[in-house]
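J.: Please find one structure pasted underneath; my questions will follow.
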Amino acid sequence: MCMTNKLFAIATVFLLIAFAAAQRTTPNARPRASDLGLKIGILPIGPLDAITDVAGVEVGQQTIVRGDNIRTGLTAVLPHSGNLYREKVPAAIFVSNGFGKLVGSTQVEEMGDIETPILLTSTTSVPRVADALISYMLALPGNEGVLSINPVVGETNDGYLSDIRGRHITPDDVLAAIKDAKGGPVEEGDVGAGTGTVVFGWKGGIGTSSRRLPPNLGGYTVGVLVQTNFGGVLTIAGAPVGQELGQYYLRQELQQAGSGKDKADGSCMMVIATDAPMDARNLKRLAARAWLGVARTGSSASNGSGDYAIAFSTSAQVRIHGNDQTPTRKVEVLNNDAMSPLFLAAIEATEEAVYNSMFRATTMTGNGHTVEALPIEKTVQVLKEHRVIK
């Protein structure tokens, strides 16, 4: 009898492992914005409609779902696959609301470059992730004599769905996210750093999109990746989706019927990549426009929403090489008058990336709470009624 129970227990374990594996490998059947015929703006999208449309950019993610109270993760964005300390990229950060923890921001602001992968994670895990990122960079061949590393790590708070006090991100998770980074399609929704996030009262997550300028405007690409965890009054391409679905910020306070679950706090991280040759000054201007894309989605920019945009250029001609000891640099960069089309590209790509983070996310239960996914059929009905899609 004892042997039978042991065999049953072993069989049960194998079945659970198989089920978990199947859950991890089952494709997400929920659509992206473009799958619904939703066209945001006027500029054409890139082939993947993702930040990886910018040549050389890679994305890696670690999704951590354990037990009934761990729903967290990590997303890594690599401007290129080489040693970023030895081949830095020009970069800038724009802060819409500084209620957040963005490690490395002051040096990026001062020096105008980024020298590590950009990592996104959960609020309380930022110091541990930054520590692991420093260890990774110090261990790279060629960095044996390096005495200072400026890790760039941003966050949003996933404490509603996850045990945020447990700080469950490990150095191995950080290493895996970086090592697994690749070009090509980017997984969206409740994955990586978006595993436990909430947006507009529905399930948030990771979203991405891109825009490509026509040849007569340089043919440059702008790609955006967002980690959404904020609130407001959801608006999709001008349609008042949040209002018509009865879920938006201040609904209860206005004494109207509805769920009123959106408290509007959270945060949003925006990562903007481009292959246009730009210096840090114009990259900061580009980053500022990404916030306009978030605003179009209905964000209320609440007191508790820390909103940061990080922009960088992958153009080979503007990279900063660590072995260059000359006192001056001569590079060609876009002038101010050439920036406006890129500004629009950043706005449109950011707006669509937010929608993709919601469309692709699925209902999640964790930490004693359940957050529903945005109801696709009802959303489509609203969009059709407002002639946003056919």
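J.: Within the bounds of the stretch 128-147, is there any residue that is touching a residue at least 40 places away in the same chain (Cβ under 8 Å), of a type in the set (A, V, I, L, M), part of a loop (DSSP other than H, G, I, E, B) and surrounded by fewer than 22 Cβ atoms within 10 Å (Cβ to Cβ)? Spell out how you get there, then give the answer.
T.: Quick first cut of the stretch 128-147, residues touching a residue at least 40 places away in the same chain (Cβ under 8 Å) only: 128-129, 131-133, 136-137, 140-143, 146.
Adding the requirement that they be of a type in the set (A, V, I, L, M) leaves 129, 132-133, 137, 140, 146.
Remaining after also requiring part of a loop (DSSP other than H, G, I, E, B): 140, 146.
Next, only the ones that are surrounded by fewer than 22 Cβ atoms within 10 Å (Cβ to Cβ) stay: 140, 146.
So far as the stretch 128-147 goes, yes, one or more of its residues are touching a residue at least 40 places away in the same chain (Cβ under 8 Å), of a type in the set (A, V, I, L, M), part of a loop (DSSP other than H, G, I, E, B) and surrounded by fewer than 22 Cβ atoms within 10 Å (Cβ to Cβ).
J.: OK, next. If I ask for residues that are within 12 Å of Ala280 (Cβ to Cβ) and under 17 Å from the mean Cα position of the chain (by Cα), which ones from the stretch 92-113 would you list?
T.: The answer is Ala92, Ile93, Phe94.
J.: A further question follows. Return the total of residues in the stretch 114-127 being under 17 Å from the mean Cα position of the chain (by Cα) and either closer than 22 Å to Asp265 by Cβ or of a type in the set (D, E, K, R) (or both).
T.: The qualifying residues number 6.
J.: Something else: Can you pull out every residue in the stretch 336-378 that is under 17 Å from Leu245 (Cα atoms) and out of contact with any helix residue (DSSP H, G or I) (no Cβ under 6 Å at 6 or more places or on another chain)? Step through it out loud before you land on a result.
T.: Applying the first criterion (under 17 Å from Leu245 (Cα atoms)) to the stretch 336-378 yields 355, 358-359, 363, 371-378.
Those that are under 17 Å from Leu245 (Cα atoms) and out of contact with any helix residue (DSSP H, G or I) (no Cβ under 6 Å at 6 or more places or on another chain): Tyr355, Met358, Phe359, Thr363, Val371, Glu372, Ala373, Pro375, Ile376, Glu377, Lys378.
J.: Out of the residues in the stretch 336-384 meeting the condition of being in a helix (DSSP H, G or I) and without any contact (Cβ under 8 Å) to a residue 24 or more places away in the chain, tell me which one is nearest to Ser313 (Cα to Cα).
T.: Restricting attention to the stretch 336-384, the residues satisfying the condition of being in a helix (DSSP H, G or I) are 336-338, 340-359, 376-384.
Filter once more, so that each one left must be without any contact (Cβ under 8 Å) to a residue 24 or more places away in the chain: 337, 340, 377, 381, 384.
Numbers: Asp337: 18, Ser340: 16, Glu377: 38, Gln381: 39, Lys384: 38 Å.
Restricting to residues being in a helix (DSSP H, G or I) and without any contact (Cβ under 8 Å) to a residue 24 or more places away in the chain, the top hit is Ser340.
J.: Restricting to the stretch 164-177, name every residue that is surrounded by fewer than 21 Cβ atoms within 10 Å (Cβ to Cβ) and in a loop (DSSP other than H, G, I, E, B).
T.: Matches in the stretch 164-177: Arg167, His168, Thr170.
J.: Look through Thr63, Thr72, Thr52 and report the one residue that is more than 29 Å from Arg211 (Cβ to Cβ), at pLDDT 95 or above, outside any loop (DSSP other than H, G, I, E, B) and not small (Gly, Ala, Ser).
T.: On the way: Thr63 fails: more than 29 Å from Arg211 (Cβ to Cβ); Thr52 fails: more than 29 Å from Arg211 (Cβ to Cβ).
None of the others qualify; the one that does is Thr72.
J.: Hey, among the residues in the stretch 224-240 that are assigned to a loop (DSSP other than H, G, I, E, B) and crowded, with 24+ Cβ neighbours inside 10 Å, which one's farthest from the chain's Cα centre (by Cα)? Walk me through how you get there before you give the answer.
T.: From the stretch 224-240, those assigned to a loop (DSSP other than H, G, I, E, B) are 230-231, 233-235, 237-238, 240; that's our starting set.
Remaining after also requiring crowded, with 24+ Cβ neighbours inside 10 Å: 230-231, 234.
Working: Phe230: 13, Gly231: 16, Leu234: 18 Å.
The selected residue is Leu234.
J.: Please state which one of Asp180, Asp158 is crowded, with 21+ Cβ neighbours inside 10 Å, of a type in the set (D, E, K, R) and touching a residue at least 60 places away in the same chain (Cβ under 8 Å). Outline the logic, then answer.
T.: Details: Asp180 fails: crowded, with 21+ Cβ neighbours inside 10 Å.
Only one candidate passes the filter, namely Asp158.
J.: Would you say Ala311 is in a helix (DSSP H, G or I), hydrophobic (A, V, I, L, M, F, W, C) and within 23 Å of Gly56 (Cα to Cα)?
T.: On the way: in a helix (DSSP H, G or I): no; hydrophobic (A, V, I, L, M, F, W, C): yes; within 23 Å of Gly56 (Cα to Cα): yes.
Criteria not met by Ala311.
The values are calculated or read from the model by the stated rules, or taken from the named source; none is laboratory data. Owing to the predicted nature of the structure, the values given are computational and were not obtained by experimental measurement. Every residue, glycine among them, receives a Cβ derived from its backbone with ideal geometry; neighbour counts consider all protein chains shown.
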